[in-house]
Amino acid sequence: MNRKKGGLLLVCAFAAWLGGCSVTEQEAIELSYEAFLTEFEEEPSVPNTETKNIAFYMPRGFDIVEETEYNLLLQRGEQLFVLFHQPEELQTSTIHLERDREFEQEAVAFHVVETDEHTAYFWVNEEDDEQLHVVTALGGAKLSTLTTYDDLVKDVELMMDILLSYEVRTE
């Protein structure tokens, strides 16, 4: 584990301790957004998985359940993650952002980060049964899953590990 992730985990652990071993829903949202931003400062993970037209880092415990031309269904335990990707789109692409702007008003969090190198965004929406729909995106690649407030930070970190390692394969 590198220092920044270790530091973030320490902050999360301290926040959990201060809050009586659990963070509030708002704190979970804020910490997950911090995790989203922190991942950009990290060195991307080395891709360890290749599909027909992309390569990416797949964290331990994940499996590819289904693959179509522009989508991958990943699974970790009972949790599903959907990777939507447009290989022809650059990291500065806003293709997914433009589509997801319709969810901005009802989202509990919707943040966009635009630089010369990339366009990325993060949004969270409450679903039924205390589930959260969380989306992280970077240019033409986007990951989506259902999670809980307790798992939100960890899931955002995993999602960003995948997205930041995403590479288009050309043959």
Selection within segment 47-70 - within 17 Å of the chain's Cα centre (by Cα) and among the acidic types (Asp, Glu): ASP63
Residues located in segment 121-134, provided they are touching a residue at least 12 places away in the same chain (Cβ under 8 Å) and either surrounded by fewer than 22 Cβ atoms within 10 Å (Cβ to Cβ) or touching a Cys at 6+ places or on another chain (Cβ under 8 Å) (or both): TYR121, ASN125, GLU126, GLU127, GLU130, GLN131, HIS133
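Residues are listed down the side, and each one gets a yes or a no for (1) in a loop (DSSP other than H, G, I, E, B); (2) of a type in the set (S, T, N, Q); (3) farther than 21 Å from THR38 by Cβ:
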site	(1), (2), (3)
SER93	yes, yes, yes
GLU106	yes, no, yes
VAL112	no, no, no
ASP116	yes, no, no
ALA120	no, no, no
LEU143	no, no, no
Pairs, first over 14 Å from SER144 (Cβ atoms) in segment 61-82, second part of a strand (DSSP E or B) and of a type in the set (Lys, Arg), C-beta under 9 Å, six or more apart: GLY61/ARG76; PHE62/ARG76; ASP63/ARG76
Filtered residues of segment 49-91 (kept if of a type in the set (Phe, Trp, Tyr) and in a strand (DSSP E or B)): PHE56, PHE62, PHE81, PHE84
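Results for (1) of a type in the set (A, V, I, L, M); (2) within 29 Å of ASP128 (Cβ to Cβ), shown as yes or no for each residue.
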site: PRO59; (1), (2): no, yes
site: ILE64; (1), (2): yes, yes
site: ARG76; (1), (2): no, yes
site: LEU83; (1), (2): yes, yes
site: PRO87; (1), (2): no, no
site: THR94; (1), (2): no, no
site: GLU106; (1), (2): no, yes
Hey, PHE110 surrounded by fewer than 22 Cβ atoms within 10 Å (Cβ to Cβ), farther than 19 Å from VAL46 by Cα and in contact with a Lys or Arg (Cβ under 6 Å, 6 or more places away or on another chain) or not: no
Selection count where residues are surrounded by 15 or more Cβ atoms within 10 Å (Cβ to Cβ) and not in a loop (DSSP other than H, G, I, E, B), scope segment 38-48: 3
Given (1) in contact with an Asp or Glu (Cβ under 9 Å, 6 or more places away or on another chain); (2) crowded, with 17+ Cβ neighbours inside 10 Å; (3) at pLDDT 80 or above; (4) not in a loop (DSSP other than H, G, I, E, B), number of the condition VAL23 does not satisfy: (4)
Selection status of LEU97, within 21 Å of LEU37 (Cα to Cα), under 17 Å from the mean Cα position of the chain (by Cα), at pLDDT 95 or above and surrounded by 15 or more Cβ atoms within 10 Å (Cβ to Cβ): no
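The values are calculated or read from the model by the stated rules, or taken from the named source; none is laboratory data. These numbers were taken from a predicted model, which means no experiment stands behind them. As a convention, Cβ positions derive from the backbone with ideal geometry for all residues, glycine included, and neighbour counts pool all protein chains shown.
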